[in-house]
Amino acid sequence: SSELLQLQKLVKINVMCCKRVEEVFETALEAAGRNGNSGIGFDESSQTTTTTLVNLPNLREMKLWGLDCLRYIWKSNQWTAFEFLNLTRVEIKSCDRLEHVFTSSMVGSLLQLQELRIWNCSQIEVVIVQDADVCVEEDKEKESDGKTNKEILVLPHLKSLKLQLLRSLKGFSLGKEDFSFPLLDTLSISRCPAITTFTKGNSTTPQLKEIETNFGFFYAAGKKDINSLIKIKQQ
């Protein structure tokens, strides 16, 4: 991760047709485990409990195309957390081993994200996956008081979201969080046959007027939300 901390001036990342890339942002701990320095991985008990925050403040665009072995773009864990406060545009194409893009804990740092397009990635099941520690914490809360206070995840500047040719996609997020997309006005969900819902929690999209699908355009104004439109499409 020391190398990542040196990338403060990085503005764009374009990685294309690199067949053996498995992870774009790899931490030092993960590299040690991969190289066999600590048995099958690394000894968690020997590591410091201090979390390293990797902030790339100038990164604005990321394009990942044709990375056949890519499994993770970034992995936040108890030792390393990533922030991309000025990331505005993300394009991911033909990354067939990738199963998700962001974790729920990263959403709070995506304050400037405006465009997100993902297409032709056969194994992606969700765009935002819920962090394991969040799941455990929710279970503890539910056991203690019988109910869980839902978190609202906000993507304040996201205007365009295009999900296309994703045959394994089940939803944008299947966690329990509610989502708010205050500026989203372009949504395309096309040729995603496995999708069953957009988010399990509520989603608010006050600026969204219509949704583009391979069945045509659906009006999203009024009482119909994205989840109800997906159910109509499946009928």
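Structure above, values below:
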quantity: Single match in Ser122, Ser94 (criterion: of a type in the set (Gly, Ala, Ser), surrounded by fewer than 18 Cβ atoms within 10 Å (Cβ to Cβ) and modelled with pLDDT of 95 or more); calculated: Ser122
quantity: Tally, over the stretch 166-196, of residues that are touching a residue at least 40 places away in the same chain (Cβ under 8 Å) and within 17 Å of Gly216 (Cβ to Cβ); calculated: 1
quantity: In the stretch 97-111, the residues that are open to solvent by 60 Å² or more (accessible area, probe 1.4 Å) and under 15 Å from Leu56 (Cα atoms); calculated: Leu111
quantity: Residue ID - modelled with the highest pLDDT, chosen from residues in the stretch 143-158 that are open to solvent by 70 Å² or more (accessible area, probe 1.4 Å) and outside any loop (DSSP other than H, G, I, E, B); calculated: Ile152
quantity: Yes/no for Leu161 being modelled with pLDDT of 70 or more and in contact with a His (Cβ under 8 Å, 6 or more places away or on another chain); calculated: no
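Let's see how each residue does on (1) exposed (fewer than 15 other Cβ atoms within 10 Å of the Cβ); (2) closer than 22 Å to Met106 by Cβ; (3) modelled with pLDDT under 90:
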residue	(1), (2), (3)
Ser173	no, yes, no
Leu183	no, yes, no
Ser188	no, no, no
Ser203	no, yes, no
Asn214	yes, no, yes
Asn227	no, no, yes
Ile230	no, no, yes
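The values are calculated or read from the model by the stated rules, or taken from the named source; none is laboratory data. These numbers come from a predicted model, not from an experiment. Cβ: placed from backbone, ideal geometry, glycine included. Neighbour counts: every protein chain shown. Just the protein is used for accessible areas: all its heavy atoms, side chains included, with ligands, DNA and RNA removed. Shrake-Rupley method; radii C 1.70, N 1.55, O 1.52, S 1.80 Å.
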